[in-house]
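Enquirer: I'd like to ask you about the structure that follows.
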Amino acid sequence: MNNPRWILRRRPVGAVASDDLALVDAPTPAPGEGEFLARTLYLSLDPAQRIAMGDRAQYAAPVQIGEVMRGMTLGVVEASNHPGFVPGDLVRGAGGWQAFWIGRDGHKVARDGLPLTAHLGVLGPTGASAYFGLLDVGRPKAGETVVVSAAAGAVGSIAGQIAKLSGCRVVGIAGSDEKRRYATEDLGFDACVSHRVGALAAALRDACPDGVDVAFENVGGAVLDAVLECINLRARVVLCGLIATYNAEGLAPGPYNFASVLMRRARVQGFIIGDYQARMDEFTRRMTRWLMDGRIRYDDHVVPGLENAREALGLLFSGGNRGKLMVEVSRLA
Ligand SMILES: NC(=O)c1ccc[n+]([C@@H]2O[C@H](COP(=O)([O-])OP(=O)(O)OC[C@H]3O[C@@H](n4cnc5c(N)ncnc54)[C@H](OP(=O)(O)O)[C@@H]3O)[C@@H](O)[C@H]2O)c1
């Protein structure tokens, strides 16, 4: 194949089915004036890609039928007519689910000795979502209790560690014993409860004896309802994501405990990481320092082969991933 790529064949109904996407071939494009050609090394798989496959109201235009699936990529520049890029440069950009892509802009990635995958995950939009979502929207204070759902995932694992660095008690919510152990033993969360047991609110109350001051919400649905039962006066509920609802047709029901927001005078605020573009340098500097100092740990869940991208996306919805999910499309050397 010249430039294998995944295109959207039809809009999924419920979970993504095998023939909603098709792997097709295309000629390798040549860069025009002001453009560069990048070869994809890693493709980021994100829950929001499921949103982009549908036509519900969303923060960007949905992917159109027949278009290449949208996705953030880390690539190496192969040819360039762009003044800012030369062959061999590493670049992060919206390359999509394909082996080669043409860019007009992108974030040039420093060869700083960190693993390449870090630049797509912990130093990319997912790490930035944890950073700005927690610090800018959640505004935790030392001594407060922060609850993070999808605690062993790409965003949640980093948000919880930043909350620890902010001097908070941190309680995670995750779907398996292995993930709960990872959150407490490897990432330093104070506790981590399972959302697969019936009484999540009771488990949260036990793990948060002083209540919940900041809820970093990645899941929604029943998980969000349980968290809302435990929030304190003037709590901040950071709506980062609602993955439990992304496969739903039409409007997902709930949250049922919305009255809690009124009674506890809580603030519920959503955010989209693209709105923080102007502050990415601040994030990159701080996160790079934390990584170099060993104060933030991260895991990447790398699936080999672009041909496996469609199936791998399902791991986000089954809980089969730990840390940042991505596909290795080609090797640097
Ligand atoms: N606002 C923004 O700009 C922004 C940017 C990036 C990501 N996000 C959002 O952040 C969230 C996390 O994204 P991510 O890339 O870091 O994914 P992730 O947490 O690495 O993976 C998703 C995890 O969600 C959990 N999950 C899935 N379905 C669930 C359900 N029905 N009930 C309970 N838990 C469920 C699973 O973990 P368990 O095994 O623990 O259940 C799964 O591993 C998503 O909602 C995403 O849309 C938002």
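Here, each number is a calculation from the coordinates, and none is a lab measurement. Remember, predicted model here, so these are calculated numbers, not experimental data. For neighbour counting, all protein chains shown are included, and Cβ atoms are generated from backbone atoms with ideal geometry for every residue, glycine included.
Enquirer: Please specify each residue of the stretch 143-157 satisfying the condition of being part of a strand (DSSP E or B) and within 8 Å of the ligand (Cβ to nearest atom).
Expert: S149, G153
Enquirer: Check whether at least one residue in the stretch 290-297 is in contact with a Phe, Trp or Tyr (Cβ under 7 Å, 6 or more places away or on another chain), outside any helix (DSSP H, G or I) and either within 14 Å of the ligand (Cβ to nearest atom) or farther than 21 Å from V170 by Cβ (or both), and report yes or no.
Expert: no
Enquirer: Filtering the stretch 220-245 down to residues that are touching a residue at least 60 places away in the same chain (Cβ under 8 Å) and assigned to a loop (DSSP other than H, G, I, E, B), which residue is nearest to the ligand (Cβ to nearest atom)?
Expert: Top of the filtered list is G241.
Matching residues to (1) under 16 Å from G95 (Cα atoms); (2) acidic (D, E):
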{"residue": "P4", "(1), (2)": "yes, no"}
{"residue": "P12", "(1), (2)": "no, no"}
{"residue": "A17", "(1), (2)": "no, no"}
{"residue": "L23", "(1), (2)": "yes, no"}
{"residue": "E35", "(1), (2)": "yes, yes"}
{"residue": "A38", "(1), (2)": "yes, no"}
{"residue": "P47", "(1), (2)": "no, no"}
{"residue": "R56", "(1), (2)": "no, no"}
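Enquirer: Can you give me the ranges of the strands (runs of 3 or more DSSP E) entirely in the stretch 165-219 with at least 1 residues that are surrounded by fewer than 19 Cβ atoms within 10 Å (Cβ to Cβ)?
Expert: The qualifying strands (runs of 3 or more DSSP E) are 191-194.
Enquirer: Can you pull out the residues in the stretch 70-92 that are surrounded by fewer than 21 Cβ atoms within 10 Å (Cβ to Cβ) and within 18 Å of L316 (Cβ to Cβ)?
Expert: Answer for the stretch 70-92, where residues must be surrounded by fewer than 21 Cβ atoms within 10 Å (Cβ to Cβ) and within 18 Å of L316 (Cβ to Cβ): just R70.
Enquirer: Tally the residues that are more than 13 Å from the ligand (Cβ to nearest atom), without any contact (Cβ under 8 Å) to a residue 12 or more places away in the chain and charged (D, E, K, R), restricting the search to the stretch 168-205.
Expert: Residues flagged as more than 13 Å from the ligand (Cβ to nearest atom), without any contact (Cβ under 8 Å) to a residue 12 or more places away in the chain and charged (D, E, K, R) within the stretch 168-205 amount to 1.
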